[in-house]
1. Go through segment B:31-130 and tell me which helices (runs of 4 or more DSSP H), entirely inside it, have 1 or more residues that are of a type in the set (Val, Ile, Thr) and at pLDDT below 85.
2. Given the structure, is residue A:405 surrounded by fewer than 19 Cβ atoms within 10 Å (Cβ to Cβ) and either touching a Cys at 6+ places or on another chain (Cβ under 7 Å) or more than 30 Å from residue B:54 (Cβ to Cβ) (or both)?
3. Count, please, the residues in segment A:387-419 that happen to be more than 8 Å from chain B (Cβ to nearest Cβ) and free of Cβ contacts under 8 Å to residues at least 12 places away in the same chain.
4. Only one of (1) over 30 Å from residue A:33 (Cβ atoms); (2) surrounded by fewer than 20 Cβ atoms within 10 Å (Cβ to Cβ) fails for residue A:413. Which number is that?
5. Kindly provide the set of residues from segment A:277-329 that are hydroxyl-bearing (Ser, Thr, Tyr) and touching a strand residue (DSSP E or B) at 6+ places or on another chain (Cβ under 7 Å), ordered by number.
6. Given the options A:366, A:356, name the one that is farther than 18 Å from residue A:3 by Cβ and not charged (D, E, K, R).
7. Please give the number of the condition residue B:28 fails out of (1) within 21 Å of residue A:389 (Cα to Cα); (2) at pLDDT 80 or above; (3) surrounded by fewer than 21 Cβ atoms within 10 Å (Cβ to Cβ).
8. Check whether at least one residue in segment A:408-420 is within 21 Å of the chain's Cα centre (by Cα) and over 24 Å from residue A:304 (Cβ atoms), and report yes or no.
Amino acid sequence: MKKGYVKGIVFGIVLLNWVICLLVVPNLLIVQGPAGVDKIYEGPYAGNYLVTDGYGSIKIINFTSNQIVWQTDEPKFFVHDSRMMPGGNSVLVGDSAADRVFEMSLTTKEILWEWRAKNSTKEQDSYCNYLNWTKFGLQQGWNETALSIVENLRPTSGFYSHLNMVQFLKGSNYNRSYDSVLISLRNFDLIIEVNYTAKIGEAAYMNITWHYGTPGNHSILFHPHSPKRWLNGHMTICDSENARVIEIDEQDQIVWEYRDKALRWVRDCELLPNGNYLITDADNNRIIEVNMSAGGQIVRIFSSLLFNPYSAELTDDNKVVVSIDLGASIVVFDYETGAVIQIIGFNIIVVPAMITFLIVAIYQTTDLIYSWKKMKGTSSKQRILTHSIYSKLILVIISVLTILILNYVLIFLWHYGLWHLFETMPRPG
Amino acid sequence: MISIEPENFTQKEMDLKVRMEKKEKPDKISEAKIYWVQIMISVLLGITTYYVLEHTRPSDVFDLPLGGFFTGLGLMAAIYVLSLLTLPILIYHFKGKTRYYTGFRKALKSLGTQIALYFLVCGFVFMINI
């Protein structure tokens with residue numbers, strides 16, 4: 001067969017591999033882009049996992065049977081975070097596409113509470129709304145830059161507020177007379193707490209009970225992720241673009257800061273029962289356990305099979321559950337040994353790229369053997385010094401090495417190039 | 001017997017003969033030499049690309065549509081491909097050993113290998129800098 005035909009067939013197989021992995025396989029998976037995963041500890045679904053399937057819906061998945069036991073398709077694009085409410089009968093959802101937070105009943109799928117991050121009027125919304133960022137900003141003494149950010153409904157970068165995290169705060173845990181919801185607004189460089197028990201119809205900007213950060217002031221926060229208020233009243237915040245994690249106390253003073261020049265896009269931080277912190281260092285493809293009382297010493301690293309992880313949680317049965325939104329999969333590690341014990345989903349980025357380089361390596365090896373045999377009568381040294389032989393050998397070596405560190409080659413492309421492209425893509429709505 | 005001596009040609013025919021000889025003269029530079037120069041460019045620019053992107057963050061400096069893509073990795077990759085296709089040809093052209101067109105054709109032959117090597121080097125330097 002002519003070499004040209006063989007090359008055409010190889011190219012066709014590579015193309016088919018990408019088409020199958022990107023267009024067919026995702027439809028067969030139970031998760032398409034998990035941005036968060038949390039074990040459920042109470043209520044009718046206790047023992048299962050709540051998965052924020054970024055590009056699809058909120059799902060409750062049984063990891064033993066790999067079955068979806070509950071899900072909703074509202075909203076369809078793009079949910080960023082979800083948490084079970086106390087009692088386990090409803091779920092609190094952070095919806096980036098619609099810039100809103102809502103609480104949904106698990107039994108009726110009825111929306112029980114809602115808060116919207118966009119300016120609105122009392123007539124438009126039935127819940128505690130008519131938010132006015134300009135009024136709120138002026139009250140706080142924000143400058144024009146800050147006001148222009150919250151007033152720009154069509155920013156070039158991602159969604160309007162890019163609401164990326166929610167947490168329900170029970171008032172009795174913090175000596176408060178009201179419950180509240182903690183919300184992270186990434187594009188505003190702002191974290192707020194909203195009064196959950198406020199009466200419907202009250203002005204929402206008056207119901208922002210606490211905030212940290214100022215839009216556009218990157219010395220405080222720059223694109224924050226996953227703020228969490230712990231039971232001691234302190235809060236950890238992943239200050240992603242500033243490459244650090246901070247903990248602030250109830251007076252908003254920084255208690256500690258974990259800053260490492262090697263951190264790339266930290267997106268989650270969990271306080272572990274032993275007092276250490278589990279930090280998701282997303283663009284370094286790793287989860288690190290850090291001992292802050294030992295000056296930020298890294299005591300554990302989980303990195304096998306990870307590609308741009310979003311969040312990590314240590315469960316009561318000593319498993320570290322990691323969600324990978326870009327790679328459409330969830331990886332479960334054994335906390336003690338660091339071994340991968342379960343994979344849910346299929347990494348739709350890494351796997352087809354790996355198959356591509358594998359095909360290239362196999363094709364080039366075959367071609368190399370063929371060329372080698374064709375040079376009968378010459379010594380091995382002469383053969384290896386022939387350009388047509390060593391150039392093929394070098395390509396085989398490059399392909400094999402690329403497969404070995406593929407996660408890092410791909411994350412390099414993502415971190416410095418493709419992420420920016422993704423961020424500036426037009427969004428629906 | 002008719003002798004074909006230069007004095008039997010007109011000036012116009014002589015010029016044509018010189019041009020034809022020049023055209024038919026084989027390139028002294030083999031594909032292999034261009035290949036190795038390209039390998040060096042891929043490795044050096046792979047390392048440079050990582051450090052430029054990591055330390056200057058051009059995507060934060062320029063605010064263009066799809067800014068990060070065009071001013072970050074996209075820009076560096078464009079500089080790389082341009083260097084890959086022109087530098088080896090220029091080096092050998094000025095040494096008088098290759099012509100632009102034939103050199104360019106030789107430079108294109110290992111483009112896939114070179115680009116794979118470039119990103120492999122970028123990924124490797126990224127990995128060791130964690």
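The values are calculated or read from the model by the stated rules, or taken from the named source; none is laboratory data. Just so it is clear, the structure is predicted and the values come from calculations on it, not from any experiment. Cβ coordinates were reconstructed from backbone atoms using ideal geometry, including for glycine residues, and neighbour counts include every protein chain displayed.
1. Result: B:31-56, B:58-61, B:67-71, B:73-94, B:100-109.
2. no
3. 3
4. The failed condition is (1).
5. Hits for segment A:277-329 are A:277, A:280, A:303, A:304, A:310, A:311, A:315, A:323, A:329.
6. Answer to the check: A:356.
7. (2)
8. Yes, there is a match, as at least one residue in segment A:408-420 is within 21 Å of the chain's Cα centre (by Cα) and over 24 Å from residue A:304 (Cβ atoms).
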